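The values are calculated or read from the model by the stated rules, or taken from the named source; none is laboratory data. Computed from a prediction, not measured in an experiment: that's the story for all the values here. Note: ideal-geometry Cβ built from the backbone for every residue, glycine included; neighbour counts use all protein chains shown. The accessibility values were calculated without ligands, DNA or RNA, using every heavy atom of the protein model including side chains. Shrake-Rupley method; radii C 1.70, N 1.55, O 1.52, S 1.80 Å.
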Amino acid sequence: MLAKVCSAAVHGIEAYSVEVEVNSGWGDSIVVIVGLPDAAVRESRDRVSTALTNSGYKFPMGKTTINLAPADVKKEGPSFDLPIGIGMLAASEQLETDQLDNFVIVGELALTGAVRPVKGVLPIALRARAEGKIGVLVPAENAAEAAVVDGLKVFPIQNLREAASFLEGQSQLTATKVNFAELFAHKHDDENDFADVKGQESVKRALEIAAAGGHNILLVGPPGTGKSMLAKRLATILPPLTLEEALETTKIHSIVGLLAPGQALVTQRPFRAPHHTASDAGLLGGNANPTPGEISLAHHGVLFLDELPEFKRSVLETMRQPLEDGHVTISRAAGTMTFPAQFMLVAAMNPTPDGKMPHESKCSPREIQNYIGRISGPLLDRVDLHIEVAAVKFREMTSERTGESSAQIRDRVMVARALQQKRYADRPRVSCNARMGTKELKAYCALDDGTLELLKMAMTEMNLSARAYDRILKVARTIADLAGVESINSDHVSEAIQYRSLDRQVWG
(Lines give C-alpha, C1' and ligand atoms only; values in the text may rest on other atoms or scores of the structure.)
Protein backbone atom coordinates (compact mmCIF):
# COMPACT_ATOMS: atom_id res chain seq x y z
CA MET A 1 0.00 0.00 0.00
CA LEU A 2 1.15 3.56 -0.74
CA ALA A 3 0.84 6.44 1.75
CA LYS A 4 1.75 10.10 1.35
CA VAL A 5 2.61 12.44 4.22
CA CYS A 6 3.23 16.20 3.90
CA SER A 7 6.40 17.51 5.48
CA ALA A 8 8.86 20.35 4.86
CA ALA A 9 12.54 21.25 5.09
CA VAL A 10 14.56 24.45 5.26
CA HIS A 11 16.80 25.82 2.51
CA GLY A 12 18.58 29.00 3.55
CA ILE A 13 16.04 30.78 5.73
CA GLU A 14 12.98 29.66 3.75
CA ALA A 15 11.16 26.33 3.86
CA TYR A 16 10.08 24.16 0.96
CA SER A 17 7.56 21.33 0.83
CA VAL A 18 8.67 17.72 1.00
CA GLU A 19 6.29 14.86 0.22
CA VAL A 20 7.12 11.67 2.10
CA GLU A 21 5.95 8.71 0.02
CA VAL A 22 5.96 5.32 1.76
CA ASN A 23 5.25 2.12 -0.13
CA SER A 24 4.94 -1.25 1.60
CA GLY A 25 5.33 -4.24 -0.74
CA TRP A 26 6.53 -7.82 -1.09
CA GLY A 27 10.11 -8.93 -0.61
CA ASP A 28 12.67 -9.13 2.14
CA SER A 29 12.01 -7.06 5.27
CA ILE A 30 14.10 -4.02 4.45
CA VAL A 31 13.64 -0.23 4.52
CA VAL A 32 15.06 1.80 1.63
CA ILE A 33 15.16 5.62 1.67
CA VAL A 34 15.63 7.50 -1.60
CA GLY A 35 15.46 11.17 -2.55
CA LEU A 36 19.01 12.38 -1.81
CA PRO A 37 19.01 11.74 1.97
CA ASP A 38 22.03 12.71 4.04
CA ALA A 39 23.47 10.50 6.79
CA ALA A 40 21.01 11.75 9.44
CA VAL A 41 18.05 10.96 7.17
CA ARG A 42 19.38 7.52 6.21
CA GLU A 43 19.78 6.67 9.88
CA SER A 44 16.13 7.51 10.47
CA ARG A 45 15.11 4.01 9.28
CA ASP A 46 16.71 2.54 12.40
CA ARG A 47 15.26 5.20 14.71
CA VAL A 48 11.79 4.92 13.20
CA SER A 49 11.68 1.11 13.15
CA THR A 50 12.72 0.93 16.81
CA ALA A 51 10.28 3.72 17.76
CA LEU A 52 7.42 1.84 16.04
CA THR A 53 8.17 -1.34 17.96
CA ASN A 54 8.56 0.44 21.31
CA SER A 55 5.29 2.32 20.71
CA GLY A 56 3.36 -0.96 20.40
CA TYR A 57 3.11 -1.13 16.60
CA LYS A 58 4.19 -3.91 14.28
CA PHE A 59 7.17 -3.40 12.05
CA PRO A 60 5.97 -3.60 8.41
CA MET A 61 6.85 -6.89 6.74
CA GLY A 62 8.31 -6.94 3.24
CA LYS A 63 10.19 -4.20 1.43
CA THR A 64 9.37 -0.64 2.48
CA THR A 65 10.44 2.09 0.07
CA ILE A 66 10.47 5.69 1.27
CA ASN A 67 10.82 8.51 -1.26
CA LEU A 68 11.43 12.12 -0.22
CA ALA A 69 10.21 14.34 -3.05
CA PRO A 70 11.46 16.44 -4.76
CA ALA A 71 14.15 13.86 -5.37
CA ASP A 72 16.74 16.30 -6.77
CA VAL A 73 17.13 18.35 -3.54
CA LYS A 74 19.33 17.02 -0.76
CA LYS A 75 17.43 16.28 2.46
CA GLU A 76 19.15 16.91 5.78
CA GLY A 77 18.49 16.41 9.46
CA PRO A 78 16.23 14.22 11.61
CA SER A 79 13.00 16.21 11.13
CA PHE A 80 11.60 13.56 8.74
CA ASP A 81 11.45 10.85 11.44
CA LEU A 82 7.87 11.55 12.51
CA PRO A 83 6.36 11.84 8.99
CA ILE A 84 8.22 8.66 7.96
CA GLY A 85 6.83 6.87 11.02
CA ILE A 86 3.28 8.05 10.25
CA GLY A 87 3.73 7.04 6.62
CA MET A 88 4.91 3.53 7.56
CA LEU A 89 1.88 3.09 9.82
CA ALA A 90 -0.48 4.23 7.06
CA ALA A 91 1.24 2.10 4.40
CA SER A 92 1.00 -1.01 6.61
CA GLU A 93 -2.67 -0.22 7.38
CA GLN A 94 -2.03 0.23 11.10
CA LEU A 95 -3.28 3.82 10.72
CA GLU A 96 -6.48 4.71 8.89
CA THR A 97 -7.04 8.39 8.28
CA ASP A 98 -8.00 10.86 5.58
CA GLN A 99 -6.27 13.80 7.30
CA LEU A 100 -2.73 13.39 5.98
CA ASP A 101 -3.21 16.00 3.24
CA ASN A 102 -4.38 18.62 5.75
CA PHE A 103 -1.28 18.79 7.94
CA VAL A 104 2.45 19.34 7.63
CA ILE A 105 4.29 17.00 9.99
CA VAL A 106 7.86 17.34 11.32
CA GLY A 107 9.73 15.92 14.29
CA GLU A 108 12.64 13.74 15.39
CA LEU A 109 11.85 10.39 17.01
CA ALA A 110 13.59 8.94 20.03
CA LEU A 111 13.90 5.15 20.24
CA THR A 112 11.07 5.19 22.78
CA GLY A 113 8.73 6.86 20.30
CA ALA A 114 8.97 10.26 22.01
CA VAL A 115 9.15 13.29 19.71
CA ARG A 116 12.16 15.57 20.04
CA PRO A 117 12.42 19.22 18.89
CA VAL A 118 13.90 20.17 15.51
CA LYS A 119 15.30 23.32 13.90
CA GLY A 120 13.51 25.65 11.51
CA VAL A 121 9.91 25.13 12.66
CA LEU A 122 8.90 28.80 12.14
CA PRO A 123 9.74 28.93 8.40
CA ILE A 124 8.09 25.49 8.04
CA ALA A 125 4.90 26.82 9.64
CA LEU A 126 4.96 29.82 7.30
CA ARG A 127 5.29 27.46 4.33
CA ALA A 128 2.37 25.36 5.59
CA ARG A 129 0.15 28.45 5.79
CA ALA A 130 1.23 29.56 2.31
CA GLU A 131 0.17 26.18 0.93
CA GLY A 132 -3.26 26.36 2.56
CA LYS A 133 -2.79 23.61 5.12
CA ILE A 134 -5.15 23.43 8.09
CA GLY A 135 -2.33 23.04 10.57
CA VAL A 136 0.98 21.50 11.54
CA LEU A 137 1.98 18.67 13.84
CA VAL A 138 5.24 19.64 15.54
CA PRO A 139 7.22 18.61 18.63
CA ALA A 140 5.70 20.06 21.81
CA GLU A 141 8.83 22.13 22.50
CA ASN A 142 8.50 23.80 19.08
CA ALA A 143 4.75 24.48 19.30
CA ALA A 144 4.99 28.04 20.67
CA GLU A 145 7.42 28.96 17.89
CA ALA A 146 5.04 27.75 15.18
CA ALA A 147 1.99 29.29 16.88
CA VAL A 148 3.14 32.85 16.09
CA VAL A 149 1.97 32.19 12.51
CA ASP A 150 -1.55 33.57 12.33
CA GLY A 151 -4.27 31.50 10.65
CA LEU A 152 -2.62 28.11 11.27
CA LYS A 153 -3.52 25.48 13.85
CA VAL A 154 -0.48 24.17 15.69
CA PHE A 155 -0.79 20.83 17.49
CA PRO A 156 1.98 19.86 19.93
CA ILE A 157 3.03 16.20 19.68
CA GLN A 158 4.65 14.36 22.60
CA ASN A 159 5.11 10.93 20.98
CA LEU A 160 4.38 8.84 17.90
CA ARG A 161 1.28 7.14 19.33
CA GLU A 162 -0.27 10.49 20.23
CA ALA A 163 0.21 11.73 16.64
CA ALA A 164 -1.35 8.56 15.18
CA SER A 165 -4.29 8.68 17.58
CA PHE A 166 -4.97 12.33 16.72
CA LEU A 167 -4.87 11.70 12.96
CA GLU A 168 -7.29 8.78 13.33
CA GLY A 169 -9.69 10.98 15.30
CA GLN A 170 -9.47 8.82 18.42
CA SER A 171 -8.15 11.66 20.57
CA GLN A 172 -8.24 15.45 20.58
CA LEU A 173 -5.34 17.84 20.95
CA THR A 174 -5.55 21.48 22.01
CA ALA A 175 -4.01 23.83 19.49
CA THR A 176 -1.22 25.99 20.90
CA LYS A 177 -1.83 29.74 20.99
CA VAL A 178 0.44 32.61 21.96
CA ASN A 179 -0.31 35.97 23.51
CA PHE A 180 1.67 38.56 21.58
CA ALA A 181 1.08 41.22 24.22
CA GLU A 182 2.76 39.03 26.83
CA LEU A 183 5.61 38.15 24.47
CA PHE A 184 6.53 41.79 23.92
CA ALA A 185 5.84 42.92 27.49
CA HIS A 186 9.40 42.14 28.54
CA LYS A 187 11.53 44.11 30.94
CA HIS A 188 14.67 45.79 29.75
CA ASP A 189 18.06 44.67 31.00
CA ASP A 190 18.49 46.35 34.39
CA GLU A 191 22.04 45.06 34.83
CA ASN A 192 23.34 47.07 31.86
CA ASP A 193 22.15 50.64 32.28
CA PHE A 194 23.79 53.87 31.16
CA ALA A 195 23.09 55.31 34.62
CA ASP A 196 25.94 53.15 35.93
CA VAL A 197 28.48 54.71 33.55
CA LYS A 198 30.58 57.42 35.15
CA GLY A 199 31.60 60.28 32.86
CA GLN A 200 32.06 59.57 29.12
CA GLU A 201 29.33 62.05 28.18
CA SER A 202 30.68 62.52 24.66
CA VAL A 203 30.68 58.76 24.08
CA LYS A 204 27.13 58.45 25.38
CA ARG A 205 26.10 61.19 22.98
CA ALA A 206 27.70 59.35 20.05
CA LEU A 207 26.00 56.09 21.04
CA GLU A 208 22.65 57.88 21.28
CA ILE A 209 23.12 59.22 17.75
CA ALA A 210 24.11 55.75 16.54
CA ALA A 211 21.00 54.20 18.09
CA ALA A 212 18.70 56.93 16.79
CA GLY A 213 19.83 56.53 13.18
CA GLY A 214 21.00 52.90 13.09
CA HIS A 215 24.58 54.01 12.41
CA ASN A 216 27.76 51.96 12.69
CA ILE A 217 30.22 53.22 15.32
CA LEU A 218 33.87 52.65 16.23
CA LEU A 219 35.14 53.25 19.79
CA VAL A 220 38.86 54.08 20.03
CA GLY A 221 40.62 54.21 23.38
CA PRO A 222 43.13 52.63 25.77
CA PRO A 223 42.26 49.45 27.71
CA GLY A 224 40.10 50.00 30.77
CA THR A 225 38.26 53.08 29.53
CA GLY A 226 34.94 51.25 29.28
CA LYS A 227 34.62 50.55 25.54
CA SER A 228 33.09 47.09 26.01
CA MET A 229 30.90 48.26 28.88
CA LEU A 230 29.49 51.09 26.78
CA ALA A 231 28.96 48.85 23.75
CA LYS A 232 26.95 46.32 25.78
CA ARG A 233 24.66 49.11 26.96
CA LEU A 234 23.84 50.22 23.42
CA ALA A 235 21.21 47.49 23.11
CA THR A 236 19.33 49.00 26.09
CA ILE A 237 18.60 52.26 24.22
CA LEU A 238 17.51 50.74 20.91
CA PRO A 239 13.77 50.83 20.09
CA PRO A 240 11.89 47.55 20.64
CA LEU A 241 11.49 45.09 17.80
CA THR A 242 8.34 45.29 15.71
CA LEU A 243 6.41 42.06 15.08
CA GLU A 244 7.73 41.89 11.52
CA GLU A 245 11.31 42.36 12.70
CA ALA A 246 10.83 39.78 15.45
CA LEU A 247 9.57 37.20 12.94
CA GLU A 248 12.56 37.80 10.63
CA THR A 249 15.01 37.51 13.52
CA THR A 250 13.31 34.43 14.93
CA LYS A 251 13.47 32.63 11.58
CA ILE A 252 17.25 32.97 11.54
CA HIS A 253 17.67 31.87 15.16
CA SER A 254 15.27 28.99 14.57
CA ILE A 255 17.18 27.41 11.68
CA VAL A 256 20.44 27.69 13.64
CA GLY A 257 18.81 26.10 16.69
CA LEU A 258 19.32 29.01 19.11
CA LEU A 259 15.74 29.24 20.37
CA ALA A 260 15.21 27.99 23.92
CA PRO A 261 12.68 25.14 24.40
CA GLY A 262 9.20 26.63 24.37
CA GLN A 263 10.40 30.04 23.16
CA ALA A 264 7.97 31.58 20.69
CA LEU A 265 9.77 34.69 19.44
CA VAL A 266 12.99 36.62 19.75
CA THR A 267 11.56 39.82 21.24
CA GLN A 268 14.80 41.59 22.19
CA ARG A 269 17.28 42.91 19.68
CA PRO A 270 20.19 40.48 19.30
CA PHE A 271 23.62 41.37 20.63
CA ARG A 272 26.34 39.20 19.09
CA ALA A 273 29.98 39.47 20.13
CA PRO A 274 32.16 36.94 18.24
CA HIS A 275 35.76 36.43 19.29
CA HIS A 276 38.48 37.95 17.13
CA THR A 277 39.57 34.45 16.06
CA ALA A 278 36.28 33.98 14.17
CA SER A 279 36.63 32.66 10.62
CA ASP A 280 35.03 33.94 7.43
CA ALA A 281 32.37 31.23 7.60
CA GLY A 282 31.73 31.92 11.28
CA LEU A 283 31.12 35.60 10.67
CA LEU A 284 29.36 35.52 7.29
CA GLY A 285 27.99 32.00 7.30
CA GLY A 286 28.89 29.22 4.93
CA ASN A 287 30.41 25.75 5.16
CA ALA A 288 29.44 23.04 2.66
CA ASN A 289 25.75 23.61 3.37
CA PRO A 290 25.53 27.36 4.05
CA THR A 291 24.01 28.41 7.36
CA PRO A 292 23.72 31.95 8.78
CA GLY A 293 26.79 33.43 10.44
CA GLU A 294 27.20 36.01 13.19
CA ILE A 295 26.25 38.97 10.99
CA SER A 296 22.90 37.34 10.17
CA LEU A 297 22.33 36.30 13.79
CA ALA A 298 22.75 40.02 14.60
CA HIS A 299 19.99 40.94 12.09
CA HIS A 300 17.97 43.89 13.50
CA GLY A 301 20.42 44.03 16.40
CA VAL A 302 24.04 44.76 17.27
CA LEU A 303 27.25 43.07 16.12
CA PHE A 304 30.07 43.95 18.53
CA LEU A 305 33.63 43.38 17.35
CA ASP A 306 36.07 43.96 20.19
CA GLU A 307 39.77 44.37 19.41
CA LEU A 308 38.93 45.11 15.79
CA PRO A 309 42.53 45.11 14.41
CA GLU A 310 43.04 41.59 15.82
CA PHE A 311 40.47 40.13 13.41
CA LYS A 312 41.91 38.67 10.23
CA ARG A 313 41.90 41.26 7.48
CA SER A 314 40.18 38.82 5.11
CA VAL A 315 37.37 38.38 7.66
CA LEU A 316 36.86 42.12 8.03
CA GLU A 317 36.89 42.73 4.28
CA THR A 318 34.07 40.22 3.76
CA MET A 319 31.80 42.50 5.79
CA ARG A 320 31.99 45.37 3.33
CA GLN A 321 29.19 44.16 1.09
CA PRO A 322 26.77 43.22 3.94
CA LEU A 323 27.36 46.60 5.62
CA GLU A 324 26.37 48.34 2.40
CA ASP A 325 23.54 46.11 1.18
CA GLY A 326 22.00 44.73 4.37
CA HIS A 327 22.30 41.12 3.25
CA VAL A 328 25.00 38.54 2.55
CA THR A 329 25.10 36.24 -0.47
CA ILE A 330 27.03 32.98 -0.16
CA SER A 331 27.85 30.95 -3.26
CA ARG A 332 28.84 27.30 -3.03
CA ALA A 333 28.85 24.35 -5.40
CA ALA A 334 25.51 23.29 -3.92
CA GLY A 335 23.95 26.65 -4.81
CA THR A 336 23.65 30.29 -3.78
CA MET A 337 21.92 31.49 -0.62
CA THR A 338 21.11 34.98 0.61
CA PHE A 339 20.77 35.73 4.31
CA PRO A 340 19.54 39.05 5.77
CA ALA A 341 22.15 41.08 7.65
CA GLN A 342 20.78 44.49 8.64
CA PHE A 343 22.77 45.08 11.81
CA MET A 344 24.51 47.89 13.65
CA LEU A 345 28.25 47.38 13.74
CA VAL A 346 29.84 48.46 17.00
CA ALA A 347 33.60 48.00 17.03
CA ALA A 348 36.28 48.79 19.60
CA MET A 349 40.04 49.10 19.26
CA ASN A 350 43.15 50.41 20.98
CA PRO A 351 44.72 53.52 19.41
CA THR A 352 48.21 51.96 19.30
CA PRO A 353 49.73 48.45 19.53
CA ASP A 354 50.65 48.96 23.20
CA GLY A 355 47.21 50.33 24.04
CA LYS A 356 48.31 53.87 24.90
CA MET A 357 47.35 57.11 23.25
CA PRO A 358 49.76 58.14 20.44
CA HIS A 359 51.40 60.91 22.47
CA GLU A 360 52.07 58.46 25.33
CA SER A 361 53.00 55.39 23.28
CA LYS A 362 56.53 54.10 22.91
CA CYS A 363 55.65 52.71 19.49
CA SER A 364 57.08 54.42 16.45
CA PRO A 365 54.77 56.35 14.09
CA ARG A 366 55.28 53.62 11.51
CA GLU A 367 54.21 50.90 13.97
CA ILE A 368 51.15 52.91 14.89
CA GLN A 369 50.30 53.46 11.22
CA ASN A 370 50.73 49.75 10.45
CA TYR A 371 48.43 48.91 13.37
CA ILE A 372 45.71 51.25 12.14
CA GLY A 373 46.31 49.97 8.60
CA ARG A 374 45.03 46.54 9.57
CA ILE A 375 41.61 48.09 9.04
CA SER A 376 41.17 49.11 5.42
CA GLY A 377 40.00 52.52 4.32
CA PRO A 378 36.90 51.18 2.54
CA LEU A 379 35.79 49.44 5.73
CA LEU A 380 36.35 52.56 7.84
CA ASP A 381 34.34 54.55 5.30
CA ARG A 382 31.36 52.33 6.13
CA VAL A 383 31.57 53.21 9.82
CA ASP A 384 29.58 56.40 10.37
CA LEU A 385 30.96 57.51 13.73
CA HIS A 386 34.51 57.30 15.13
CA ILE A 387 34.69 58.35 18.77
CA GLU A 388 37.58 58.58 21.20
CA VAL A 389 36.99 56.92 24.59
CA ALA A 390 39.32 58.67 27.01
CA ALA A 391 40.23 57.52 30.50
CA VAL A 392 37.69 58.49 33.15
CA LYS A 393 38.91 61.14 35.57
CA PHE A 394 39.20 60.21 39.25
CA ARG A 395 36.73 62.93 40.20
CA GLU A 396 34.09 61.40 37.91
CA MET A 397 34.74 57.84 39.09
CA THR A 398 34.23 58.75 42.76
CA SER A 399 31.27 61.03 42.18
CA GLU A 400 27.92 59.98 43.65
CA ARG A 401 26.16 61.65 40.77
CA THR A 402 24.53 59.27 38.30
CA GLY A 403 24.06 59.94 34.65
CA GLU A 404 20.96 59.57 32.52
CA SER A 405 19.34 56.16 32.58
CA SER A 406 18.95 53.99 29.50
CA ALA A 407 15.18 54.58 29.65
CA GLN A 408 15.62 58.35 29.36
CA ILE A 409 17.97 58.03 26.40
CA ARG A 410 15.76 55.39 24.78
CA ASP A 411 12.76 57.75 24.90
CA ARG A 412 14.67 60.32 22.80
CA VAL A 413 15.85 57.60 20.43
CA MET A 414 12.30 56.36 19.89
CA VAL A 415 11.07 59.91 19.14
CA ALA A 416 13.79 60.26 16.49
CA ARG A 417 12.98 56.83 15.04
CA ALA A 418 9.28 57.76 14.88
CA LEU A 419 10.19 60.80 12.77
CA GLN A 420 12.16 58.54 10.43
CA GLN A 421 9.35 56.01 10.12
CA LYS A 422 6.97 58.81 9.14
CA ARG A 423 9.49 60.28 6.69
CA TYR A 424 10.18 56.94 4.96
CA ALA A 425 6.63 55.56 5.15
CA ASP A 426 6.45 55.24 1.36
CA ARG A 427 9.98 53.81 1.12
CA PRO A 428 9.88 50.32 2.75
CA ARG A 429 13.51 49.69 1.81
CA VAL A 430 14.64 52.48 4.15
CA SER A 431 14.12 51.62 7.82
CA CYS A 432 16.28 54.37 9.36
CA ASN A 433 18.65 57.19 8.38
CA ALA A 434 21.63 54.86 8.03
CA ARG A 435 19.78 53.00 5.25
CA MET A 436 19.19 56.08 3.09
CA GLY A 437 20.21 55.82 -0.54
CA THR A 438 21.19 58.51 -3.02
CA LYS A 439 17.60 59.57 -3.69
CA GLU A 440 16.82 59.92 0.01
CA LEU A 441 19.99 61.93 0.63
CA LYS A 442 18.97 64.42 -2.07
CA ALA A 443 15.41 64.61 -0.79
CA TYR A 444 15.98 64.85 2.97
CA CYS A 445 19.54 66.16 3.46
CA ALA A 446 19.49 69.46 1.59
CA LEU A 447 21.98 72.03 2.91
CA ASP A 448 22.02 75.83 2.73
CA ASP A 449 24.99 77.61 1.14
CA GLY A 450 26.81 78.28 4.41
CA THR A 451 26.52 74.71 5.64
CA LEU A 452 27.53 73.38 2.23
CA GLU A 453 30.65 75.55 2.29
CA LEU A 454 31.54 74.22 5.75
CA LEU A 455 31.23 70.65 4.52
CA LYS A 456 33.28 71.46 1.41
CA MET A 457 36.07 72.85 3.59
CA ALA A 458 36.06 69.72 5.78
CA MET A 459 36.11 67.42 2.76
CA THR A 460 39.11 69.27 1.34
CA GLU A 461 41.17 69.57 4.53
CA MET A 462 40.49 66.02 5.74
CA ASN A 463 40.69 64.49 2.26
CA LEU A 464 37.42 62.60 2.79
CA SER A 465 35.99 60.12 0.32
CA ALA A 466 32.61 60.37 -1.38
CA ARG A 467 31.31 57.61 0.90
CA ALA A 468 32.44 59.58 3.97
CA TYR A 469 30.52 62.58 2.58
CA ASP A 470 27.34 60.50 2.49
CA ARG A 471 27.97 59.22 6.03
CA ILE A 472 28.37 62.76 7.36
CA LEU A 473 25.04 63.76 5.80
CA LYS A 474 23.28 60.72 7.29
CA VAL A 475 24.66 61.40 10.77
CA ALA A 476 23.76 65.10 10.47
CA ARG A 477 20.22 64.08 9.54
CA THR A 478 20.00 61.97 12.70
CA ILE A 479 21.38 64.79 14.88
CA ALA A 480 18.69 67.08 13.44
CA ASP A 481 16.04 64.43 14.19
CA LEU A 482 17.19 64.21 17.81
CA ALA A 483 16.92 67.99 17.98
CA GLY A 484 13.42 67.78 16.51
CA VAL A 485 14.10 70.06 13.54
CA GLU A 486 13.40 69.44 9.88
CA SER A 487 16.34 71.28 8.31
CA ILE A 488 19.99 70.34 8.75
CA ASN A 489 22.09 73.31 9.85
CA SER A 490 25.80 73.98 10.31
CA ASP A 491 25.78 72.85 13.97
CA HIS A 492 24.50 69.41 12.96
CA VAL A 493 27.06 69.05 10.19
CA SER A 494 29.89 70.28 12.44
CA GLU A 495 29.09 67.64 15.04
CA ALA A 496 28.87 64.94 12.36
CA ILE A 497 32.30 65.94 11.02
CA GLN A 498 33.79 65.57 14.50
CA TYR A 499 32.90 61.86 14.35
CA ARG A 500 35.39 61.20 11.52
CA SER A 501 38.51 61.07 13.72
CA LEU A 502 40.08 58.10 11.94
CA ASP A 503 39.83 59.94 8.65
CA ARG A 504 42.11 62.52 10.24
CA GLN A 505 44.07 59.81 12.11
CA VAL A 506 44.20 62.08 15.18
CA TRP A 507 43.22 61.23 18.76
CA GLY A 508 43.30 63.30 21.88
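Numbers for the structure displayed
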| quantity | calculated |
| --- | --- |
| When the convex hull of its Cα atoms is projected in every direction, mean area for region 305-452 (nm²) | 14.7 nm² |
| At R0 = 45 Å, FRET efficiency that the Cβ-Cβ distance of T402 and A425 yields, to 0.05 | 0.75 |
| Sites A418 and R332 - FRET efficiency at Förster radius 45 Å, r taken between beta-carbons, to 0.05 | 0.60 |
| Share of pairwise Cα separations in the chain, more than 34 Å, in percent | 47 percent |
| Eligible aspartates and glutamates near K74 by straight Cα distance, threshold 14 Å, same-chain separation 8 or greater | E19, D38 |
| Added length on full extension, which subtracts the Cα-Cα distance from 0.36 nm per residue, N289 to M61 | 78.5 nm |
| Accessible surface, region 99-220, averaged per residue in Å² (probe 1.4 Å) | 42 Å² |
| Rg [Å, one decimal], Dmax [Å, integer] - region 286-362, C-alpha atoms | 15.7, 53 |
| Chymotrypsin sites (Phe, Trp or Tyr not before Pro) restricted to region 11-77 and DSSP loop, no more than 10 other C-beta within 10 Å | W26 |
| Which listed pairs, of K356/K474; K4/K153; K198/K422; K4/K177; K58/K119; K251/K422, have C-alpha distances above 24 Å, in listed order | K356/K474; K198/K422; K4/K177; K58/K119; K251/K422 |
| Values of log10 I(q)/I(0), in the order q = 0.09, 0.12, 0.14 Å⁻¹, for region 171-288 under a Debye, Cα-only, solvent-free model | -0.36, -0.61, -0.80 |
| Gyration tensor verdict on region 221-306 (Cα atoms; rounded if a/c is under 1.5, prolate if a/b is larger than b/c, oblate otherwise) | oblate |
| Along each principal axis, Cα extent of region 395-508, largest first, Å | 47, 38, 23 |
| Listed residues R161, R471 arranged by accessible area, highest first, probe 1.4 Å | R161, R471 |
| Qualifying trypsin sites (Lys or Arg not before Pro) in region 322-366, DSSP loop, other Cβ atoms within 10 Å at most 11 | K362 |
| Label-to-label distance, nm, for residues given as K439 and D72 (7 Å Cα→Cβ offset) | 3.7 nm |
| Cα radius of gyration and Dmax for region 85-124 (Å) | 12.0, 32 |
| Residue-span extension gain [E182 to D448] - 0.36 nm each, minus C-alpha spacing | 91.0 nm |
| Pairs of Cα atoms farther than 18 Å apart, region 375-424, % | 66 percent |
| Over region 49-206: Rg over Rh, Cα atoms, Kirkwood Rh | 1.18 |
| Gain in span if fully extended, E43 to R205, counting 0.36 nm per residue against the direct Cα distance | 52.7 nm |
| Per-residue [θ]222 nm for the chain (sum of -39500 (n - 2.57) over DSSP H runs n ≥ 4, rounded to 500) | -10500 deg cm²/dmol |
| Spin-label pair A273/D28, simplified geometry with 7 Å Cα→Cβ offset, distance in nm | 5.8 nm |
| q = 0.10, 0.14, 0.19, 0.25 Å⁻¹, region 2-98: log10 I(q)/I(0) [Debye, one scatterer per Cα] | -0.24, -0.47, -0.85, -1.41 |
| Region 214-281: GluC sites (Glu not before Pro) in DSSP loop, at most 12 other beta carbons within 10 Å | none |
| Taking N as its residue count, the alpha carbon Rg of region 63-150 over 2.2 N^0.38 Å | 1.10 |
